[in-house]
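Down below is the structure, laid out as structure tokens.
Bear in mind that the values in this text are calculations on the coordinates, not laboratory data. What you are looking at is a predicted structure, and each value in this text was computed from that prediction instead of being measured. Backbone-built Cβ (ideal geometry, glycine too); neighbour counts: all protein chains shown.
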């Protein structure tokens with residue numbers, strides 16, 4: 001154990017316990033310890049090995065004290081890695097640009113931003129605005145050394161960047177070149193605009209804007225206005241809801257699929273040129289749901305207890321497991337136009353447009369929440 005501690009001190013300095021890789025490692029060890037304890041409880045044969053492992057995990061975890069809150073910018077780096085932190089307002093805005101660098105942004109319970117950059121330590125926080133007290137930062141840029149004053153496009157290029165911000169923070173990430181995958185979790189709102197790479201967002205409360213030319217976009221358990229765009233990649237949105245009246249969801253891809261599941265939005269638009277569109281869930285009163293694809297399959301799995309009015313234009317096949325009334329059907333050249341009503345509460349409108357792909361309306365059983 002002493003050898004391990006010495007290695008950590010050489011790599012990260014005397015305050016190695018506060019370095020981000022060590023913190024993440026300790027969190028992982030906690031999870032492993034929990035899993036190991038479960039195995040031991042079910043398999044007595046592992047008891048001897050388990051006790052040794054748990055002793056090591058416990059010693060490692062106890063070696064890391066709680067992290068200090070800093071009122072001024074601080075730095076800790078070894079070699080080519082850098083770690084910096086700065087005290088901020090809870091609702092701080094952080095903006096930065098990257099070039100071919102993976103980024104992870106995590107929300108935490110501190111009024112502080114902490115950045116760990118692998119591969120360079122010549123970066124800093126630049127305060128652009130402060131609170132009414134005249135000193136607490138509310139607008140911050142993360143910039144490389146020598147970056148141009150006041151320009152958000154001062155791009156950092158490194159092996160990876162991991163940042164902790166207050167839960168109430170808003171974060172903007174711009175990727176100017178190269179592949180820059182971005183992961184954002186547990187903050188107020190975010191805007192990510194990169195050239196290439198996947199974008200994953202979860203637990204973002206009040207707004208998500210995500211765009212990538214080549215890459216997938218996944219959003220889960222988030223809220224607020226959503227605008228999601230990719231040229232070549234899939235889009236998945238699950239278990240997300242509006243944060244206020246008028247919040248809409250827009251998802252668009254050229255050559256990928258769009259999957260929407262368990263949403264609380266009344267205003268939804270999804271578009272794909274060659275990919276499939278899938279919607280799993282229910283409609284809401286006075287909602288508008290628009291789905292457009294050129295050649296992909298359009299599949300809507302709906303709970304019939306929540307009605308809607310259907311307006312469809314398609315050139316492929318049409319199949320419905322849901323009973324439609326007041327059906328009106330017409331044909332113009334190669335396009336079929338169909339309208340109908342499902343259910344008694346049919347104030348919601350579903351508009352479908354498919355040039356050559358198949359259209360399917362499927363019956364979905366109600367969820368546990370919908371049955372209550």
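Structure above, values below:
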quantity: Qualifying positions in region 95-108 - surrounded by fewer than 24 Cβ atoms within 10 Å (Cβ to Cβ) and in a strand (DSSP E or B); calculated: 95, 99, 104, 106, 107, 108
quantity: Out of 182, 204, sole residue that is buried (at least 18 other Cβ atoms within 10 Å of the Cβ), touching a strand residue (DSSP E or B) at 6+ places or on another chain (Cβ under 7 Å) and in contact (Cβ under 8 Å) with a residue 40 or more places away in the chain; calculated: 182
quantity: Filter result for the condition that a residue is in a loop (DSSP other than H, G, I, E, B) and under 21 Å from residue 263 (Cβ atoms), over 362, 310, 322, 300; calculated: 322
quantity: Residue ID - nearest to the chain's Cα centre (by Cα), chosen from residues in region 227-255 that are over 19 Å from residue 106 (Cα atoms) and surrounded by 24 or more Cβ atoms within 10 Å (Cβ to Cβ); calculated: 237
quantity: In region 184-199, the residues that are assigned to a loop (DSSP other than H, G, I, E, B) and under 16 Å from residue 160 (Cα atoms); calculated: 197, 198
quantity: Residue count, region 127-146 (criterion: surrounded by 21 or more Cβ atoms within 10 Å (Cβ to Cβ) and under 28 Å from residue 179 (Cα atoms)); calculated: 4
